Every structure is written in structure tokens, then in C-alpha cells.
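Below is one structure, written out as C-alpha cells; comments come after it.
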Amino acid sequence: MQFSIRALAPERAKTACLVLGVFKGKTPAQGELTPAARRVDRAAHGALRAVLAQGDLSGRAGSTTLLRQPHGLAAERVLLVGLGDKDEFKESSYREVIRGVATALKDLGVREATLYLIGHKLPSRDLAWNVRQATLGLREAVYVFDQLKTQKKSPPPALAEVTLALPSGSVPPPASRALREAVATAEGAALAKTLGNLPSNICTPTYLANEAKKLARQFKLRHEVLERRDMERLGMGALVSVTKGSHQPPKLIVLHYNGGAKAKKPVVLVGKGVTFDTGGISLKPGAEMDEMKYDMSGAASVLGAMRALAGMKAPVNVIAIVPAVENMPGGGASKPGDVVTTLSGQTVEILNTDAEGRLILCDALTYAERYAPEAIIDVATLTGACVIALGHVVSGLYANDAKLADALVAAGDDAWDRVWQMPLWEDYQEQLRSNFADMANIGGRPAGSVTAACFLARFVRKQRWAHLDIAGTAYKSGREKGSTGRPVPLLVRFVLRHAGGRAG
Ligand code: BES
Ligand code: MN
Ligand code: ZN
């Protein structure tokens, strides 16, 4: 889908579908046309008001109604979309509007449309925010994952060209920048979704390594892959222990994007890449186990963020590290009670082989320290407990640095890919004590998401670090099962704002 942004008189817009907003009135007939819609209504001899008078548009955010071949306009159709109550026009309304428009345009089957929606500012957001949300929302709505179906249910969405239009003036440079940024971010999120949606018999650690290689080639990134023997030689005893029950060789993928000044320290993004999590010898119950193909969503989001940042040529330095493994039971698999030595030298008693994410991440975090980074952010579908605590709305955030935490909260708010900070207090550390090693890999049922983060914290004592638990936000279950592509928008926003990129 191609996007452009233009200032253009709406009544003169030559388009297959002109999209205009209407605020909700006391009754449908009293809906309030936005300024662009008013101009169009005048040119079309009151055709828009006539439709409202008939009560054809509820005005609820995202509701739509269509006018065909309106007289007096250059457009072939007009799609009116409800914006909801004017006094309550907020982020969720704007997103519903975009979703509603996307659905209507998809159903219409038009190839091209011109949207007058970015001009409707929210109280505390700017034009660039609207541009980013419109772009990401539309791309989200046309995403399909049907590459494994032989009978495609419906033809691919026809919508190929979208103009985000302002009724007058000229397009401010930050809005154009926001569009470029959002298009690249959408590409990155789509990559993350597809990697997440691919099943584990296709998306193996080797597959992820090859995808990283493709990115490296496409965007000229430096790239290396550590094999099992490299990890063993280095002393990554925890990482390697997770893969022992699997026939799939583990990979430690490293990608470098250097768009910033040489002297600038990189941000390191570490993504959990468990391509399938059976739980290992501490086998998971059967219900919904298929969803554990999503246990590489952290890895997918980190690769997606790299794609986004490289695609927009962001002036930043970022390194992605992805420990990729499959967690299986098997003759060689780690067993409860086994003790392993991590790359940091600390020993871990594996009391539960299903707490494998922290075992691969701890060695990846130690490895990340060698890059003397500005900050390390790891992203992981780490705990079911995080889903219990926060549900599917926000990701869990943990950080050993208050400024870093604030920056991530702000970036999440800005990207509308939100996070909520959880405590990382020392008080929780005692839950990880072990009789036989420096620590256990589980901390019992209370505060399971917190103790998982506390475990990771022991491996980044000297660096600024944050951890995002995305177990509840990376994918949806049930009928809507599928990857969300989160937290690519957050990561991109954070890196741009924090690592010296222009905030747009
Ligand atoms: N990948 C899971 C966490 C998970 C659970 C993600 C549900 C998404 C949905 C992780 O490896 C895991 O199994 N964690 C255990 C930890 C426990 C054994 C301490 C959990 O959350 O049950
Ligand atoms: Mn697990
Ligand atoms: Zn897992």
C-alpha cells in the first residue's frame, strides 16, 4: 500500500473515494460536519447533510455510510465516517475511526482513497501522531496471513493507494517525516507479525537466522550468527541448556545497524526467540499449546524494529541480539534440578525447564554488555503471570534506571503501544534462592512476572537495562488468533526519541 500526504481542496480531490468525518450529534440527523466535509457539502449542493438528515450515519466513532456519484465533486464516492462525540474525541476514537474506514474501504474494493482525517487533532497530540496512527492502522487492517492456505478465502485487499489529505495550507515537514517513519514502522510490524504467525515447523531458529541474513543483505547491516559450538566455547551454559532436547540447532543472531554518529553508543535490543516452547521436561498442558509458536515474538519484534529503523534510515545505532532456540523434551533435555553455569559465571539451578526464556536471555544479556551500550532493552513473552497481572492491554515494563523507564513509558504512550512499569525491588530477589546454586530459575507463584525480571536483573548489574514482558500483548488468541506486531511501534518510537533521532 502506497501512502502520500498532501494539502488539497477536498471538493476538487479526484479520487475513487473521498473520506470525510462527522461528529456525533444529539440525533444522527444532527451530526456535525467537519470543516472539510462542510466544504464538500456546499460543492455537492447539500448532499452530505441530506444523508445525515435521513439518519444514515450514527456518528459513533468508526461508523460509516457511503454516497455514490455525488454531483458537483471530482470524487466518485464519498464515505462519511462518524468521529464520535466531539468533546470525547480521544486516542481510542481516532483509532476506531481508522479501523472503520479501513473496513469500509476493504469492503468497497476501491483501489485508491483520499482521507481527510489527519486534520482532526486530539487534545494532546499533534499532526504527526495522527499521521502515524492512520498509516499504522490502515496497514494493520489490510494485513493478511494466508501464505499457508491453498484456497485463499478472499482476494488480497484492493486498496493500494492512500492519500492522507489536509484541506488547506501546505504539509508541514514533521508530518511528511512522520509518514516516512510510519510506513517503515508498518513494514517492520508486518515482518514481526508474519514471523510470529509462521508455525514452528517452518519458523525454526535456523529460519530466524536466515531472515536476519536477508535483512542484513537488504539493508546492508553487519550481521553474525553464533552456532552451538561458539556458544559452548564462550560459556553460555544456560542458553545451550535449553536447546538440548531439540533437534533444531540453536542460533545466536546479531545484527548491527549503524545510522548514527560513530561515537554514539548503540542501543541493544535483545529478543526472546523460543521458536516453540513445549515447557521441556516440565511439559506444558495441552490446551492452547499451539500458541507457544509465538514464544519468539520478542525476537520477531526486535527484527521488525531493525527493519523499520534501517528502512527509514534513522540516524541511530542499534544492535539486535536474538537467542533462538526450541524448548523440547527429549533424551538430552535439561531436567529439573540440573545446575548450569551462565556466561556471567553465576550458576543456576533449573527447577523448572519451562522457565526457559530467562535462561536464554541471561546469557544474551551478558553478551550484550560487550557492546558498551547506551541501554539494553530485552523483549520477551516471558511469563503467564504477566498476562494475569496486566491482561492484553499493556506490556509489563521493568527497568534498573528510572529515566530509561520513563522514556519507555513515554514512547509507549506516543506510539499507543503502551507499557506499565512494575517493581524490580530487591525484596523479591530472595524468592530466587537455591540450596544448590547461586540462584534458582523460578521464584514460586507470587509475583511470577516480577521474579522473572529479578532473575534477569542479576545479569545486567553494570548497564542501563529495561525488560518488556510482552506475553499478553504480542498475539491474540481465539477467533482473532494472530500476532499483533507489538511492540515494534514502541521500540521504534523509543529509539528515535532516545537515541538522538528526530522525534517528528
Ligand atoms: N513462554 C512462557 C510464558 C508465556 C505463557 C507466554 C503464556 C505467553 C503465554 C514461558 O516460557 C513460561 O513458560 N513461563 C512460565 C514460568 C514458570 C514456569 C515460572 C509461566 O509463565 O508459567
Ligand atoms: Mn516456558
Ligand atoms: Zn517460553
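Laboratory data are not the source of any read-out in this text; all were calculated from the coordinates shown. Since we're looking at a predicted model, the values are computed, not measured. Quick reminder, even Gly has a Cβ in these numbers, built from the backbone with ideal geometry, and neighbours come from all protein chains shown.
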Rounded if a/c is under 1.5, else prolate if a/b is larger than b/c, else oblate: which is the range 223-335, with a ≥ b ≥ c the root eigenvalues of its Cα gyration tensor? oblate
Highest mean first, what order results for 41-52, 175-186 on Cβ atoms within 10 Å? 175-186, 41-52
List the residues, sorted by chain then number, that are 5 or more residues from Tyr475 or on another chain and whose placed amide H is less than 5 Å from its amide H. Thr484
Just to be sure I understand the model, the point goes 7 Å from the Cα along the line to the Cβ. What's the resulting Asp85 to Glu227 distance in nm? 6.4
Which value, in Å³ per residue, describes the convex hull spanned by the Cα atoms of the chain? 148
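If we count every other residue with Cβ under 13 angstrom of Ala43's Cβ, Lys/Arg +1 and Asp/Glu -1, where does the sum land?
That works out to +3.
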Hz values of 3J(HN,Hα) by residue in the range 363-372 - Karplus curve (6.51, -1.76, 1.60), Gly and Pro given as x: 6, 5, 5, 4, 4, 5, 4, 5, 8, 6
Net charge contributed by nearby residues that have their C-beta within less than 10 Å of Val267 (K/R +1, D/E -1): +2
Local electrostatic count, Leu115, Cβ distance below 12 Å [Lys/Arg +1, Asp/Glu -1]: -1
Which percentage, to the nearest 5, of the DSSP beta bridges contained in the chain is antiparallel? 40
From Cα pairs below 8 angstrom and at least 6 apart in sequence, can you work out the relative contact order of the chain, rounded to a whole percent? 14
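Divide the volume of the convex hull of the Cα atoms of the range 2-168 by its number of residues and quote the answer in cubic angstrom per residue.
108
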Once phi for every residue in the range 256-268 is put through the Karplus expression 6.51 cos²θ - 1.76 cosθ + 1.60 (θ = phi - 60°), the whole-Hz ³J(HN,Hα) values, with Gly and Pro written as x, are 10, 10, 10, x, x, 4, 3, 6, 6, 5, x, 8, 9
Pairs of alpha-carbon atoms within less than 8 angstrom and 6+ residues apart define the contacts here; what relative contact order does the range 1-146 have, in percent? 27
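Evaluate the relative contact order of the range 396-504 (contact order divided by residue number), counting alpha-carbon pairs under 8 angstrom at least 6 apart; express in whole percent.
Relative contact order comes out at 33 percent.
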Separation in nanometres of the label points that stand 7 Å from Cα toward Cβ, at Lys220 and Asp126: 3.0
Going by amide H atoms built from the backbone, whose H comes under 5 Å of the H on Gly260, apart from near neighbours? Val316, Asn317
Working from Cα positions, state the angle (0 to 90°, nearest 10) between the long axis of helix 448-457 and the longest principal axis of the chain. 70
Once each part is reduced to its C-alpha centroid, what is the distance from the range 206-243 to the range 310-386 in angstrom? 12
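Among DSSP bridges having both ends in the range 34-174, what percentage is antiparallel? Round to the nearest 5.
Numbers: 5 of 9 bridges.
About 55 percent, rounded to the nearest 5.
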Applying the gyration tensor rule to the Cα atoms of the range 359-477 (axes a ≥ b ≥ c; rounded if a/c under 1.5, else prolate if a/b exceeds b/c, else oblate), the class is oblate
Residues Lys213 and Ala261, FRET efficiency given R0 of 35 Å [Cβ-Cβ distance, rounded to 0.05]: 0.85
By its C-alpha gyration tensor, with a ≥ b ≥ c as the square roots of the eigenvalues, how is the range 419-504 shaped: rounded for a/c under 1.5, else prolate for a/b larger than b/c, else oblate? oblate
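Add -39500 (n - 2.57) for each DSSP H run of 4 or more in the chain, then divide by its residues: what number comes out at 222 nm, to the nearest 500 deg cm²/dmol?
Helices in the chain give a 222 nm mean residue ellipticity of -10500 deg cm²/dmol.
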